[in-house]
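A.B. asks: Handing you this structure, nothing more for now.
The values are calculated or read from the model by the stated rules, or taken from the named source; none is laboratory data. Bear in mind that the values here come from a model prediction, so they are computed numbers and not experimental data. Here the Cβ positions follow ideal geometry from the backbone for every residue, glycine too, while neighbour counts run over all protein chains shown.
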Amino acid sequence: MDMSKPTRLADLLRHNQAYIPAGISSANRIVDPPIAFVKGQGAYLWDIDGRRYIDYHAAFAPYFLGHNFAPVNQAAMDVLSAGDSLFGAGVSVIEGRLAELLCTKIGGAVQKVVLLNTGSEATSFAIRLSRAITQRKHFIVMQGGYNGNHDELAVNVFNSLEEIGPRVSPGEYPLRPLGAGTTIEDTRFVHVINFNDLESVRYICRRYPIAALITEPILQNIGVVKPQAQYLQGLRRLADELGFLLIFDEVKTGFRHALGGYSSISGVKPDLVVYGKAIANGFPLAVVGGRTEFMDYASHPDPLRRPFLAGTYNGHPVAVAAALRTVQYLAEHEKTLYPAVEALGQRMEAGILKILSKYGMKGCVARQGSAFACYLMSEQPRDLHDIIEKHDFRMDLALRRGLIEEGVFFIPIATKQCSISAAHTEGDIDFTLEKFEKVTARLMK
Ligand SMILES: Cc1ncc(COP(=O)(O)O)c(C=O)c1O
């Protein structure tokens with residue numbers, strides 16, 4: 001079969017499944033209904049059969065400026081035509097430029113950075129760094145949080161009530177590695193607690209020497225679960241009191257919610273912070289940053305105190321150029337761009353709430369700027385436990401599938417966060433709401 005010009009979904013699926021397990025290279029790309037996109041531009045995607053969708057998936061969130069954003073693409077192309085290859089020896093001009101830009105624009109606790117490729121590499125390096133600094137081994141993660149595919153981190157990402165049992169507080173949840181091949185021994189230093197539960201942090205710290213607590217400042221793996229008032233401040237205080245490092249995983253929240261990420265919005269400074277996704281608008285780049293005294297462990301003179309940092313493609317010039325242009329663009333348009341996406345987010349939130357109330361569907365909208373989630377439960381969740389106890393997963397999926405049929409792409413995985421981009425317009429939001437109403441009316445009949 002000539003796959004250089006695939007024309008039909010079924011053919012492509014069959015072809016790819018013959019050569020790639022399940023036809024996909026990342027677990028969450030298996031969706032029902034199956035889909036294959038062939039083009040993305042701005043706020044839109046086109047599938048293999050030529051249908052257009054307004055996209056709210058944004059490839060799991062990196063496309064904050066929209067798909068195929070010309071200035072960023074151009075920067076990536078320019079670096080190649082200038083002959084700025086990956087040299088793999090010595091310092092690089094472009095890495096230094098990006099690092100300076102990040103340290104000056106993010107501000108707060110970011111005084112030095114290291115550049116990696118993916119969020120998973122960056123979060124696992126942040127954990128390694130925290131262990132090297134504190135000389136402790138254990139760390140805390142959130143029930144329902146996702147911090148990357150590394151064995152120790154990929155635990156309790158999304159579980160059913162049967163798997164994790166009744167709410168635990170204060171205390172820790174049984175460990176549930178994400179898939180086969182991860183042994184419980186790989187995760188023996190990991191402790192899982194609920195988001196928004198400070199008492200459990202104390203509980204764990206009394207029992208184990210904790211190197212770090214890693215969390216997204218807003219849990220966006222399970223929609224948009226916001227920190228309650230004073231929660232992040234409480235984490236900061238406990239870290240200072242109990243001697244562990246506070247790591248904010250801003251892979252999804254960074255640059256999307258503000259140039260300084262959600263740390264700048266909350267005013268809480270983590271010890272280490274990880275960025276990815278929106279930092280390079282779709283190109284593979286991730287960053288670990290923090291105060292000089294912490295980051296300099298990466299070049300500690302004593303090899304026994306120095307955490308290993310390596311990667312053939314770390315600081316790849318194409319991704320670095322893309323990040324440089326993305327962050328410059330965000331900085332140049334900061335005053336207009338963030339308020340504009342906030343206004344689109346408000347329009348979406350108000351519209352959805354109106355529809356839910358009109359059709360008597362129990363639900364609420366949790367939102368931060370361009371990121372939103374519609375939970376079919378009466379109140380916004382404070383953690384995963386609330387969601388698995390109260391959210392209507394069946395209806396959520398039906399709603400998403402109905403929207404896809406109408407040309408609006410909400411990824412068909414219940415609770416997953418939706419992402420508006422700077423390329424979306426009021427017209428796109430209104431079209432989406434029109435379809436949302438049509439699907440809701442049909443489901444509530
Ligand atoms: C909060 C968070 N951290 C880390 C990661 C891992 O990033 P990557 O998929 O680039 O390895 C993700 C990916 O979805 C994420 O959402």
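Yes or no, residue by residue, for (1) surrounded by fewer than 21 Cβ atoms within 10 Å (Cβ to Cβ); (2) β-branched (V, I, T):
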residue: I184; (1), (2): yes, yes
residue: R188; (1), (2): yes, no
residue: C205; (1), (2): yes, no
residue: V225; (1), (2): no, yes
residue: Q233; (1), (2): yes, no
residue: T253; (1), (2): no, yes
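A.B. asks: Based on what the data block shows, is V201 away from the ligand (no atom under 16 Å from the Cβ) and touching a helix residue (DSSP H, G or I) at 6+ places or on another chain (Cβ under 7 Å)?
C.D. replies: Values: away from the ligand (no atom under 16 Å from the Cβ): yes; touching a helix residue (DSSP H, G or I) at 6+ places or on another chain (Cβ under 7 Å): yes.
Yes.
A.B. asks: While we're here: Taking the condition in a loop (DSSP other than H, G, I, E, B) and modelled with pLDDT of 95 or more, does V273 pass?
C.D. replies: Values: in a loop (DSSP other than H, G, I, E, B): no; modelled with pLDDT of 95 or more: yes.
In short, no.
A.B. asks: What pairs come out if I take residues in segment 247-260 that are in the same structural domain as S124 (by TED's automatic domain parsing) and assigned to a loop (DSSP other than H, G, I, E, B) and pair them with residues that are polar (S, T, N, Q) and within 11 Å of the ligand (Cβ to nearest atom) whose C-beta lies under 6 Å away, six or more apart or interchain?
C.D. replies: So the pair list comes out as K252/Q220.
A.B. asks: Return yes or no: is L304 of a type outside the set (F, W, Y) and under 17 Å from T134 (Cβ atoms)? First the steps, then the outcome.
C.D. replies: Details: of a type outside the set (F, W, Y): yes; under 17 Å from T134 (Cβ atoms): yes.
Criteria met by L304.
A.B. asks: Let me ask something else. Are any of the residues in segment 229-240 in contact with a strand residue (DSSP E or B) (Cβ under 7 Å, 6 or more places away or on another chain), under 30 Å from F393 (Cα atoms) and assigned to a loop (DSSP other than H, G, I, E, B)? Before the answer, list the steps.
C.D. replies: Here is the first cut: in segment 229-240, the ones in contact with a strand residue (DSSP E or B) (Cβ under 7 Å, 6 or more places away or on another chain) are 235-236, 239.
If we keep only those that are under 30 Å from F393 (Cα atoms) as well, we get none.
No, that holds for no residue.
A.B. asks: Is it the case, given these coordinates, that V287 is at pLDDT 95 or above, in contact with a helix residue (DSSP H, G or I) (Cβ under 6 Å, 6 or more places away or on another chain) and crowded, with 18+ Cβ neighbours inside 10 Å?
C.D. replies: Values: at pLDDT 95 or above: yes; in contact with a helix residue (DSSP H, G or I) (Cβ under 6 Å, 6 or more places away or on another chain): no; crowded, with 18+ Cβ neighbours inside 10 Å: yes.
In short, no.
A.B. asks: Taking segment 207-239 only, how many residues are away from the ligand (no atom under 14 Å from the Cβ), touching a helix residue (DSSP H, G or I) at 6+ places or on another chain (Cβ under 8 Å) and on the phi > 0 side of the Ramachandran plot?
C.D. replies: 0
A.B. asks: May I pose another question? Looking at N194, is it at pLDDT below 95, touching a Leu at 6+ places or on another chain (Cβ under 8 Å), in the same structural domain as F244 (by TED's automatic domain parsing) and away from the ligand (no atom under 16 Å from the Cβ)? It would help to see each step written out before you state the result.
C.D. replies: Values: at pLDDT below 95: no; touching a Leu at 6+ places or on another chain (Cβ under 8 Å): yes; in the same structural domain as F244 (by TED's automatic domain parsing): yes; away from the ligand (no atom under 16 Å from the Cβ): yes.
So N194 does not fit the description; no.
A.B. asks: Counting only residues that are acidic (D, E) and more than 13 Å from the ligand (Cβ to nearest atom), which one in segment 240-283 is farthest from the chain's Cα centre (by Cα)? Write out each step before concluding.
C.D. replies: Step one: list which residues in segment 240-283 are acidic (D, E), which gives 240-241, 249-250, 271.
Filter again for more than 13 Å from the ligand (Cβ to nearest atom), leaving 240-241, 271.
Values: D240: 26, E241: 29, D271: 19 Å.
Taking the candidates together, the pick is E241.
A.B. asks: On to the next question. How many residues are of a type outside the set (K, R) and over 21 Å from I429 (Cβ atoms) when one looks only at segment 38-59? Give the steps one after another, and end with the answer.
C.D. replies: Initially, segment 38-59 is screened for residues of a type outside the set (K, R), giving 38, 40-50, 53-59.
With over 21 Å from I429 (Cβ atoms) added as a condition, the list becomes 38, 47-50.
Total meeting the criteria: 5.
A.B. asks: Which of (1) farther than 22 Å from Y262 by Cβ; (2) surrounded by fewer than 20 Cβ atoms within 10 Å (Cβ to Cβ) does T104 not meet, given it meets every other one?
C.D. replies: Single failed check for T104: (1).
A.B. asks: Please go through segment 268-310 and pick out each residue that is touching a residue at least 12 places away in the same chain (Cβ under 8 Å) and small (G, A, S).
C.D. replies: Residues of segment 268-310 that are touching a residue at least 12 places away in the same chain (Cβ under 8 Å), as a first pass: 268-292, 294-298, 300, 305-309.
Those that are touching a residue at least 12 places away in the same chain (Cβ under 8 Å) and small (G, A, S): G276, A278, A280, G282, A286, G289, G290, A298.
A.B. asks: Could I ask something else about it? If I filter segment 169-177 for residues that are within 16 Å of the ligand (Cβ to nearest atom), surrounded by fewer than 23 Cβ atoms within 10 Å (Cβ to Cβ) and either at pLDDT 95 or above or within 25 Å of E293 (Cα to Cα) (or both), do I get at least one hit?
C.D. replies: No, segment 169-177 contains no residue that is within 16 Å of the ligand (Cβ to nearest atom), surrounded by fewer than 23 Cβ atoms within 10 Å (Cβ to Cβ) and either at pLDDT 95 or above or within 25 Å of E293 (Cα to Cα) (or both).
A.B. asks: Let me ask you something else. Which condition number in (1) of a type in the set (F, W, Y); (2) within 14 Å of the ligand (Cβ to nearest atom); (3) farther than 21 Å from T253 by Cα is the one that F139 fails?
C.D. replies: (2)
A.B. asks: Within 13 Å of the ligand (Cβ to nearest atom), in contact (Cβ under 8 Å) with a residue 60 or more places away in the chain and of a type outside the set (F, W, Y): which single residue out of A109, A154, A132, A122 fits that description?
C.D. replies: Working: A109 fails: within 13 Å of the ligand (Cβ to nearest atom); A154 fails: in contact (Cβ under 8 Å) with a residue 60 or more places away in the chain; A132 fails: within 13 Å of the ligand (Cβ to nearest atom).
The unique qualifying residue is A122.
A.B. asks: Please determine, by comparing only the residues of segment 55-77 that are surrounded by 14 or more Cβ atoms within 10 Å (Cβ to Cβ) and more than 30 Å from M348 (Cα to Cα), which one is farthest from the ligand (Cβ to nearest atom).
C.D. replies: Looking at residues that are surrounded by 14 or more Cβ atoms within 10 Å (Cβ to Cβ) and more than 30 Å from M348 (Cα to Cα), I get A75.
A.B. asks: Another one. Of the conditions (1) away from the ligand (no atom under 16 Å from the Cβ); (2) touching a residue at least 24 places away in the same chain (Cβ under 8 Å); (3) outside the structural domain of I429 (by TED's automatic domain parsing), M348 satisfies every one except a single condition; which number is it?
C.D. replies: Among (1) away from the ligand (no atom under 16 Å from the Cβ); (2) touching a residue at least 24 places away in the same chain (Cβ under 8 Å); (3) outside the structural domain of I429 (by TED's automatic domain parsing), the lone unmet condition for M348 is (3).
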